[in-house]
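To start, the structure itself, in C-alpha cells.
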Amino acid sequence: FLQGKRALVTGSTSGIGLAIARALAAEGAEVVLNGFGDKDEIAGLCKALGATHVGADLTSAKGCEELMKGAGDVDIIFNNAGMQHVAPVEEFPVEKWDSIIALNLTAAFHTARLGVPYMKRQGWGRIISTASAHSLAASPFKTAYVSAKHGLTGLTKTLALELAEHGVTANCISPGYVWTPLVENQIPDTMKSRNMTREQVMNDVLLAKQPTKRFVQPEEVAALALFLCRAEATNITGSNYSIDGGWTAE
Ligand code: NAD
C-alpha cells in the first residue's frame, strides 16, 4: 500500500530502524536508509531492499541538512536514530548530554523543518518518531535520554497541531525494552552503576520493568509503524503509542 511513497528512516542500519525499513520496503515504499555500519553490509541491505543510503551523522544541524538533501522529497519521515548513556547525574559527561539531546530530540526538529514543506505541498505526510517508555516514565542514571524522549513527545504534539489541516500526521511509538544492540550495550554500564551482575541487570532491571517478562521484538514495532502510515490512521495524530509489555501501565 506504499507504492509511490518515499520513506526516510533514520538510524536504520540496525535494530528497530532496520525492521521498520524492511517493513516499509515490503509494502512497496522507496526507502532511504541512514546510520553507521560496515560498508559492504550497508550495500547488501540497499540491494536487498531496493533502498538508498545517506550516512549523515545526525548529531549536528549540518549532518541533518546533508541527510535531507541526500534523501530528496520524502512522504514519510521516521525519526528513529538514537543513543543512550547510563551514568549518575554528577558524573554524566557533558558531551554525552549534548549528543544525546542532539540525536534523540533535535534531529527530529531538523528533519521536520526541512521535510514538512514538501509534505504540505502534497497534502499528505507521516512523521513518526521512536520515542520510548522513557518518554512517559523515568529511570535513574538516564538523565539525557529521558529528557530527550519526553521532549520528542512535545515536539510531536506541536507538529500534529501545526500540520493537522495539511494531511500530515505526527505520532510517537514508545517501546519498552527491545532486544537490540542499544540495549545490549548498556548492560556493562548498568552493571557498574548498580553494582550488579549481567544476569541481575537482565532480570532485575530490564525485564523487571516489563510485566510480560519478554523483550519487545523489532518487528512488532515495525507493524505498528506500518499501521500509522495507512489511510485508516488519518485521524491518529499527536499520539504516543506504547508497546512496552505493560511497563507504563503500572
Ligand atoms: P540500535 O543501536 O540498534 O540502532 C541505532 C541506529 O542509529 C543505528 O542504525 C546507528 O547506526 C544509528 N545511529 C547512531 N548514531 C547515529 C548518528 N549520530 N547519526 C545517524 N545515525 C546514528 O538502536 P535501537 O535499539 O534499534 O534504537 C532505535 C531507536 O529506538 C532509538 O531512538 C532508541 O532510543 C529507541 N528505543 C529503543 C529501545 C530498545 O529497547 N532497544 C526502547 C525504546 C526506544
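The values are calculated or read from the model by the stated rules, or taken from the named source; none is laboratory data. What you see is a predicted model; the values in this text were computed from it and never measured. Don't worry about glycine lacking a Cβ; one is built from the backbone with ideal geometry, like all the others, and counts go over all protein chains shown.
Taking the stated definitions as given, is A19 within 17 Å of V221 (Cβ to Cβ) and in contact with an Asp or Glu (Cβ under 8 Å, 6 or more places away or on another chain)? Considered against the rule, which asks whether it is within 17 Å of V221 (Cβ to Cβ) and in contact with an Asp or Glu (Cβ under 8 Å, 6 or more places away or on another chain), A19 comes out as yes.
Only a single item in (1) surrounded by 20 or more Cβ atoms within 10 Å (Cβ to Cβ); (2) away from the ligand (no atom under 15 Å from the Cβ) is not met by N171, and it is number (2).
Taking the criterion of being away from the ligand (no atom under 11 Å from the Cβ) and either under 21 Å from E184 (Cβ atoms) or assigned to a loop (DSSP other than H, G, I, E, B) (or both), the residues of the stretch 6-40 that qualify are R22, E27, G28, A29.
For the stretch 50-82, the set of residues classified as away from the ligand (no atom under 14 Å from the Cβ) and crowded, with 18+ Cβ neighbours inside 10 Å consists of V74, D75, I76, listed by residue number. Residues in the stretch 177-205 that are outside any helix (DSSP H, G or I) and over 30 Å from M119 (Cβ atoms): Y177, W179, Q186, N195, M196, T197.
Comparison of A112, A164, A108 shows that the only residue that is surrounded by fewer than 17 Cβ atoms within 10 Å (Cβ to Cβ) and in a helix (DSSP H, G or I) is A164.
Selection within the stretch 179-203: residues that are among the hydrophobic types (A, V, I, L, M, F, W, C) and free of Cβ contacts under 8 Å to residues at least 24 places away in the same chain. The member of this set that is surrounded by the most Cβ atoms within 10 Å (Cβ to Cβ) is V201. The set of residues in the stretch 206-230 being in contact (Cβ under 8 Å) with a residue 40 or more places away in the chain, part of a helix (DSSP H, G or I) and among the aliphatic types (A, V, I, L, M) consists of V221, A222, A223, L224, A225, L226, L228.
Can we say A164 is at pLDDT 95 or above and within 11 Å of the ligand (Cβ to nearest atom)? Criteria not met by A164.
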